[in-house]
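Throughout, read-outs are computed from the coordinates displayed, never taken from laboratory work. Everything numeric here is computed off the predicted structure, so don't read it as measured data. Ideal geometry is used to build each Cβ from the backbone, glycine not excepted, and the neighbour counts take in all protein chains shown.
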Amino acid sequence: MDWSFIVKYLPAYTEAAGLTLRLAAEGIALSLIAGALFSVVLYLKIPVISKILNAYIGLARNTPLLVQLFLLYFGLPKIGVRLSGETCAIIGMAFLGGAYMAESLRSGLEAVERIQYESALSLGLSGAQTIRYVMFPQGLAIAIPGVTANIIFLIKETSVFSAVALADLMFVAKDLIGLYYSTGEALIMLVAWYIIILLPVSLLASYAERRIRRSGYGNI
């Protein structure tokens, strides 16, 4: 093991990890917003829009993120639309993540007894108020395990960002292997950084799930 190599190129990995985390955070935030909105539409079974969303979810979940990035980065310029690598990465992650989040949150909403929706309406709450204050908090609590699993999945999917010329962790590892053939050292640093990023997320997700179980929200 060449420790001097690891020390020398640790700053490059640190910078790449910062880029990876920033893009992941932005993409996941957008996917959560989109997923929340889409899940409500699917739960309410709004005509036409629900069918469009189901088609989108099927498309997003059955095509790899790498293919989606290629279409954004290499395909759109063919019709005169040019996006930066970072923009493509964020859009691609939001497109893929929004579909997964929508399904997880929709399942959570549907697990809440329908009588609660009807009772809230009978008490004078509007449909929007019922979703916001009664159904969605309970549905989110039930969906937390699926949502956190999706977040971890999306963070791991950042490993394909190097395909659109982004200097993420995978890009740095492949670059160093190609230049210096220090495969072991480069891969060890790559794995170490993904563990550093993902382990706290996994621990936080487990903590959130335990808290929800103790609170009783997950057993509605």
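Put a dot 7 Å past the Cα of Ser126, heading toward its Cβ, do the same for Tyr180, and the two dots end up 6.1 nm apart.
Ordering Leu166, Ile57, Leu198 by Cα displacement along the dipole of the range 3-219 toward the positive end leaves Ile57 in first place; charges were set at the Cβ atoms of Lys, Arg (+1) and Asp, Glu (-1). Computed from the alpha carbon atoms alone, the convex hull of the range 3-219 holds 135 Å³ per residue. Each of Ala24, Ala186, Gly98 was placed along the dipole of the range 3-219 (beta-carbon charges, centred on the mean Cα), and the one lying farthest toward the positive end is Gly98. Prolate is the label for the range 34-89, because the ratio a/c of its alpha-carbon gyration tensor axes (a ≥ b ≥ c) is 1.5 or higher and a/b is greater than b/c. Once the chain from Leu59 to Asp2 is taken as fully extended at 0.36 nm per residue, the excess over their C-alpha distance is 16.0 nm.
Calculate, in nm to one decimal, what Ser119 and Ile79 gain on full extension: separation in residues at 0.36 nm each, minus their alpha carbon distance.
9.3 nm
Remark: relative contact order (the range 3-219) = 28 percent; criterion is Cα-Cα distance under 8 angstrom and separation of 6 or more residues. For the range 48-114, the list of trypsin sites (Lys or Arg not before Pro) that fall in a loop by DSSP and count at most 15 other C-beta atoms within 10 angstrom reads Arg82.
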